[in-house]
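Below is one structure, written out as structure tokens, with a few remarks after it.
The values are calculated or read from the model by the stated rules, or taken from the named source; none is laboratory data. The structure presented is a predicted model; accordingly, all values stated were derived computationally and were not measured. Please note: Cβ atoms are built from the backbone with ideal geometry, for glycine as well, and neighbour counts cover all protein chains shown.
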Amino acid sequence: MNTSFFQKFVEQIPPFTKKYVERQGEFAVKLSELLESTGMTQRELAEKLGKKESYVSRMLAGWSNPTLKTIVEFEVALGKDIVDFNLDVKKVQSEKTSRTESSWKFIVQKDGMPESYFPYNEVTELEAA
């Protein structure tokens with residue numbers, strides 16, 4: 001079977017570019033869904049952000065490259081998360097901590113770099129991994 005010119009062209013697009021365009025589109029779709037679910041108009045969102053309506057329109061169309069700061073601004077204005085990093089948080093139990101109490105414990109990897117934060121009773125106590 002012969003491959004069309006278009007198929008050959010698409011096959012030459014680097015994986016990074018494909019993923020980037022996919023994520024940019026997903027951001028625009030998610031933003032649009034959240035805007036609709038809140039009942040807010042583009043103009044109202046723009047006013048909340050202190051931006052022009054055309055700025056919001058470009059984001060909704062997927063024509064802009066939002067920074068993390070921009071994403072967070074939209075999340076705060078909408079009162080909902082746009083990006084979910086799906087982080088797994090593990091609970092650490094201590095003899096001093098009941099199952100209903102929680103605060104934070106700092107876990108350190110062998111190389112001394114922080115690994116994660118977990119619910120715990122004492123903030124200052126360190127546990128070597």
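Results, tabulated for the structure shown:
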| read-out | value |
| --- | --- |
| Residue count, the range 1-51 (criterion: of a type in the set (Asp, Glu) and under 17 Å from ASP84 (Cβ atoms)) | 3 |
| Residue under evaluation LEU45, criteria (1) modelled with pLDDT of 80 or more; (2) part of a loop (DSSP other than H, G, I, E, B); (3) among the hydrophobic types (A, V, I, L, M, F, W, C), criterion not met | (2) |
| Pair list, Cβ < 8 Å and 6+ apart or interchain, from the range 8-26 residues that are touching a residue at least 24 places away in the same chain (Cβ under 8 Å) to residues that are surrounded by 10 or more Cβ atoms within 10 Å (Cβ to Cβ) and of a type in the set (S, T, N, Q) | GLN24/ASN65 |
| Count of the range 36-56 residues which are out of contact with any Phe, Trp or Tyr (no Cβ under 9 Å at 6 or more places or on another chain), closer than 16 Å to ILE71 by Cα and of a type in the set (A, V, I, L, M) | 0 |
| The range 34-55: number of residues that are in contact (Cβ under 8 Å) with a residue 24 or more places away in the chain and under 20 Å from the mean Cα position of the chain (by Cα) | 6 |
| Hits in the range 7-27 - residues which are surrounded by fewer than 10 Cβ atoms within 10 Å (Cβ to Cβ) and outside any helix (DSSP H, G or I) | GLN12, PRO14 |
| Residue tally, condition exposed (fewer than 15 other Cβ atoms within 10 Å of the Cβ), under 16 Å from the mean Cα position of the chain (by Cα) and modelled with pLDDT of 90 or more, over the range 56-79 | 6 |
| Single residue of the range 54-83 satisfying the filter (outside any helix (DSSP H, G or I) and of a type in the set (S, T, N, Q)) that is nearest to GLU36 (Cα to Cα) | SER64 |
| Residues being surrounded by 12 or more Cβ atoms within 10 Å (Cβ to Cβ) and not in a helix (DSSP H, G or I) - total across the range 28-42 | 2 |
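The rows are residues; the columns are (1) of a type outside the set (A, V, I, L, M, F, W, C); (2) modelled with pLDDT of 95 or more; (3) in contact with a strand residue (DSSP E or B) (Cβ under 6 Å, 6 or more places away or on another chain).
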{"residue": "GLY50", "(1), (2), (3)": "yes, yes, no"}
{"residue": "ASP81", "(1), (2), (3)": "yes, no, no"}
{"residue": "LEU87", "(1), (2), (3)": "no, no, no"}
{"residue": "GLU101", "(1), (2), (3)": "yes, no, no"}
{"residue": "MET113", "(1), (2), (3)": "no, no, no"}
